[in-house]
1. Within segment 210-244, track down each residue that is surrounded by fewer than 24 Cβ atoms within 10 Å (Cβ to Cβ) and among the acidic types (Asp, Glu).
2. Which pairs do you get when a residue that is not assigned by TED's automatic domain parsing to the domain that holds GLY195, found in segment 293-318, comes within reach of a residue that is part of a helix (DSSP H, G or I) and not small (Gly, Ala, Ser), reach meaning Cβ atoms under 9 angstrom, with the pair 6+ apart or on two chains?
3. With the condition being more than 21 Å from ILE52 (Cα to Cα) and of a type in the set (Ser, Thr, Tyr), I'd like the helices (runs of 4 or more DSSP H) fully within segment 207-324 carrying at least 1 qualifying residues.
4. Name the residues in segment 189-226 that are among the acidic types (Asp, Glu), out of contact with any strand residue (DSSP E or B) (no Cβ under 7 Å at 6 or more places or on another chain) and in contact (Cβ under 8 Å) with a residue 12 or more places away in the chain, would you?
5. What are the pairs with Cβ atoms under 8 angstrom where one residue, in segment 92-103, is under 16 Å from ALA285 (Cβ atoms) and the other, located anywhere, is among the polar types (S, T, N, Q)? Sequence gap at least six, or different chains.
6. Looking at LEU64, LEU95, LEU48, can you tell me which residue is at pLDDT 95 or above, under 25 Å from the mean Cα position of the chain (by Cα), in the same structural domain as LEU247 (by TED's automatic domain parsing) and within 26 Å of LEU196 (Cβ to Cβ)?
7. Which members of segment 255-278 meet the condition of being over 17 Å from ILE221 (Cβ atoms) and either free of Cβ contacts under 8 Å to residues at least 12 places away in the same chain or crowded, with 21+ Cβ neighbours inside 10 Å (or both)?
Amino acid sequence: MLLTMASVSKPAFAAAGGLHYPRCSKIVRQKWRIRASSAAPGVDLKTLESAISKKDSNAVKEALDQLNEIGWAKRWSSQPYVSCRMTSLRELTTLGMKNAENLAIPSVRNDAAFLFTVVGTTGFLGVLAGQLPGDWGFFVPYLIGSISLVVLAVGSISPGLLQAAIGSFSSFFPDYQERITRHEAAHFLVAYLLGLPILGYSLDIGKENVNLIDERLEKLIYSGQLDAKELYRLAVVAMAGLAAEGLKYDKVVGQSADLFTLQRFINRSKPQLSKEQQQNLTRWAVLFAGSLLKNNKVIHEALMAAMSKKATVVECIEAIEKAS
């Protein structure tokens, strides 16, 4: 999940305390009731669509607050208050997390599969090429064998390029696309429930993200002034993708970016947390996010279905609100 907040460029998130905005006037509310919409009789989503297209997080929140007032966006910011507490691995297991003790260990499945495939394929082709007549039987195996060295060199000089290649290769895993959709939908849903505006998302290989922007939080992150409440909310959204995978699969493979993002938030908070506090925050955030996803399983699946069809952000929000 990408949280386009401050300088963060990977999957991301937000903290307790609801976000409050002035109530719209009676006249404005009446206009919202009168307008026609496919969402529901008397509900107009054009203001929300316009705010999202302009990437205006404040306008998106105001639009959703207004929709909530008239009784449509009932799930928007329905879980605004979060508070960290001591959490054990046993609680994660009880919730249904598979291999809870290994959730925070970065997965090397995709990397290992890619490298083994490259080395195995080039080795096999090298042996076959060795049967060629004359000098071809010497030079061709040599050239094929050097492919593995080139791959390692690219990984050292340009890790991003190698990661893109690994990402493309990983698409051959039968569960790859479903994992991505489940992961990003979890970030989307949890952010929505906690009151963070979503401005976009992507499920494309190498560009998987949910785009969240909050100007107030951006300033706090840039200045390194995230307080505990904001950090808690951001932590929950950050761990939502990891939690979604942990509830479904024996091994989580998309947690590296989530953990990296959470660490950046922790580094931008005050007061600084000890290593023990950081570990507990991670466990608690996974537990809280996992609980939200488990309690809203039908909604999560409806959102996954919408995102897999490349629905717009507004259509995804409609899927959340219409799911029963």
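The values are calculated or read from the model by the stated rules, or taken from the named source; none is laboratory data. These numbers were taken from a predicted model, which means no experiment stands behind them. Every residue, glycine among them, receives a Cβ derived from its backbone with ideal geometry; neighbour counts consider all protein chains shown.
1. Matches in segment 210-244: GLU215, GLU218, ASP227, GLU230.
2. Filtered contacts from segment 293-318: no entries.
3. Details: elements: 215-223, 228-238, 240-248, 255-267, 275-295, 297-308, 313-322.
Because the criterion is at least 1 residues that are more than 21 Å from ILE52 (Cα to Cα) and of a type in the set (Ser, Thr, Tyr), the helices (runs of 4 or more DSSP H) in segment 207-324 that meet it are 215-223, 228-238, 255-267, 275-295.
4. Across segment 189-226, the qualifying residues are ASP214, GLU215, GLU218.
5. LEU95/SER291; ALA100/THR93; LEU103/GLN255
6. Working: LEU64 fails: in the same structural domain as LEU247 (by TED's automatic domain parsing); LEU48 fails: in the same structural domain as LEU247 (by TED's automatic domain parsing).
None of the other options fit; the residue is LEU95.
7. Of everything in segment 255-278, those that are over 17 Å from ILE221 (Cβ atoms) and either free of Cβ contacts under 8 Å to residues at least 12 places away in the same chain or crowded, with 21+ Cβ neighbours inside 10 Å (or both) turn out to be GLN255, SER274, LYS275, GLU276, GLN277.
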